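K.L.:
Let me begin by handing over the structure; questions about it come next.
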């Protein structure tokens with residue numbers, strides 16, 4: 001039985017007919033939940049409910065290297081979230097741990113994940129950079145802080161379509177250093193002990209609360225998130241996943257509502273068995 005079935009089928013909608021109107025109700029595990037989320041879904045337009053990125057995953061690849069993993073025995077795929085204009089950051093990674101494509105006979109593939117920029121000059125430089133290094137994947141969404149959730153789901157989309165033969169996947173931001181000589185033996189030991197599935201390791205945030213100051217970078221409205229505390233979730237800067245978790249997480253993202261805020265709801269859509277706490281990355 002598919003382990004994420006209970007996740008992808010929890011958020012369903014039904015209608016309640018009254019004398020005056022037909023009211024849309026949100027159910028969770030078959031139970032009606034009365035929160036401020038409910039008012040959003042009741043009043044949302046059809047376009048808002050059918051967001052072309054989140055709900056239908058109509059991603060388009062502006063830049064792709066679809067042969068990056070094809071026909072290769074990929075042990076580890078590393079995808080790195082980086083801003084389009086951060087050319088120096090990408091070059092720094094290429095000249096440090098990004099130079100390692102194999103360690104202990106384990107193949108490592110690395111890609112930079114970018115969103116769209118409206119700066120024509122920067123975009124042309126990215127195209128030239130991609131032709132030179134062949135390590136950039138770019139999606140058709142504006143690359144911005146509040147679109148980081150789009151970026152994560154786009155990354156899962158790309159892995160599922162173009163590198164689903166990898167055994168393990170690591171997501172990092174461009175300010176994270178990956179210690180290859182430590183991480184490869186660590187993951188290889190999982191292979192030896194049969195721990196090749198249901199792996200999701202990250203720094204777990206357990207006591208975070210929503211920021212309500214409007215001028216703050218992490219400001220989130222009560223309409224977006226009405227509760228006083230976040231559920232435990234993975235910090236967005238880095239995580240280790242087995243390939244089956246990437247597949248399940250991507251499928252879950254099509255059916256579970258989530259926030260722009262470091263995707264805590266998306267991460268929490270996964271069962272407890274996937275949420276192992278590790279500071280290995």
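The values are calculated or read from the model by the stated rules, or taken from the named source; none is laboratory data. The shown structure was predicted, so the numbers you read here are calculated from the model rather than taken from an experiment. For neighbour counting, all protein chains shown are included, and Cβ atoms are generated from backbone atoms with ideal geometry for every residue, glycine included.
K.L.:
Could you please tell me which pairs satisfy a Cβ distance under 7 Å, a separation of 6+ or placement on different chains, a first residue in the stretch 212-229 that is closer than 17 Å to residue 148 by Cβ, and a second residue that is loosely packed, with under 11 Cβ neighbours inside 10 Å?
P.N.:
Close Cβ pairs satisfying both conditions: 219/213.
K.L.:
Hey, residue 129 hits all of (1) under 21 Å from residue 111 (Cβ atoms); (2) under 22 Å from the mean Cα position of the chain (by Cα); (3) surrounded by 15 or more Cβ atoms within 10 Å (Cβ to Cβ) but one; which does it fall short on?
P.N.:
Going through (1) under 21 Å from residue 111 (Cβ atoms); (2) under 22 Å from the mean Cα position of the chain (by Cα); (3) surrounded by 15 or more Cβ atoms within 10 Å (Cβ to Cβ) one by one, residue 129 breaks only (2).
K.L.:
Can you name every residue in the stretch 219-276 that is modelled with pLDDT under 85 and assigned to a helix (DSSP H, G or I)?
P.N.:
251, 252, 253, 264, 265, 266, 267, 268, 272, 273, 274
K.L.:
I would also like to ask the following. Which of (1) surrounded by 15 or more Cβ atoms within 10 Å (Cβ to Cβ); (2) modelled with pLDDT of 95 or more; (3) within 24 Å of the chain's Cα centre (by Cα) is the odd one out, the single condition residue 91 does not satisfy?
P.N.:
Just one mismatch for residue 91, condition (1).
K.L.:
Here is a check on your reading of the model: is residue 158 loosely packed, with under 14 Cβ neighbours inside 10 Å, in contact with a strand residue (DSSP E or B) (Cβ under 9 Å, 6 or more places away or on another chain) and in contact (Cβ under 8 Å) with a residue 12 or more places away in the chain? First the steps, then the outcome.
P.N.:
Details: loosely packed, with under 14 Cβ neighbours inside 10 Å: no; in contact with a strand residue (DSSP E or B) (Cβ under 9 Å, 6 or more places away or on another chain): yes; in contact (Cβ under 8 Å) with a residue 12 or more places away in the chain: yes.
Here the answer is no, as residue 158 does not meet what is asked.
K.L.:
Which is at negative phi and over 12 Å from the mean Cα position of the chain (by Cα), of 169, 137? Explain how you work it out, then say what you get.
P.N.:
Working: 169 fails: over 12 Å from the mean Cα position of the chain (by Cα).
When all the criteria are applied, what remains is 137.
K.L.:
Sticking with this one: Is it fair to say residue 203 is surrounded by 14 or more Cβ atoms within 10 Å (Cβ to Cβ) and modelled with pLDDT of 95 or more? Working first, answer last.
P.N.:
Working: surrounded by 14 or more Cβ atoms within 10 Å (Cβ to Cβ): yes; modelled with pLDDT of 95 or more: no.
Spelling it out, it is not the case that residue 203 is surrounded by 14 or more Cβ atoms within 10 Å (Cβ to Cβ) and modelled with pLDDT of 95 or more.
K.L.:
Quick check on the stretch 72-81. Is at least one of its residues within 25 Å of residue 149 (Cα to Cα), assigned to a loop (DSSP other than H, G, I, E, B) and over 22 Å from the mean Cα position of the chain (by Cα)?
P.N.:
Of the residues in the stretch 72-81, the ones within 25 Å of residue 149 (Cα to Cα) are 76-81.
Applying the additional criterion that residues be assigned to a loop (DSSP other than H, G, I, E, B) yields none.
No; the residues of the stretch 72-81 include none that is within 25 Å of residue 149 (Cα to Cα), assigned to a loop (DSSP other than H, G, I, E, B) and over 22 Å from the mean Cα position of the chain (by Cα).
K.L.:
Further question: Restrict the check to the stretch 138-161 and report whether at least one residue is over 22 Å from residue 254 (Cβ atoms) and part of a helix (DSSP H, G or I).
P.N.:
yes
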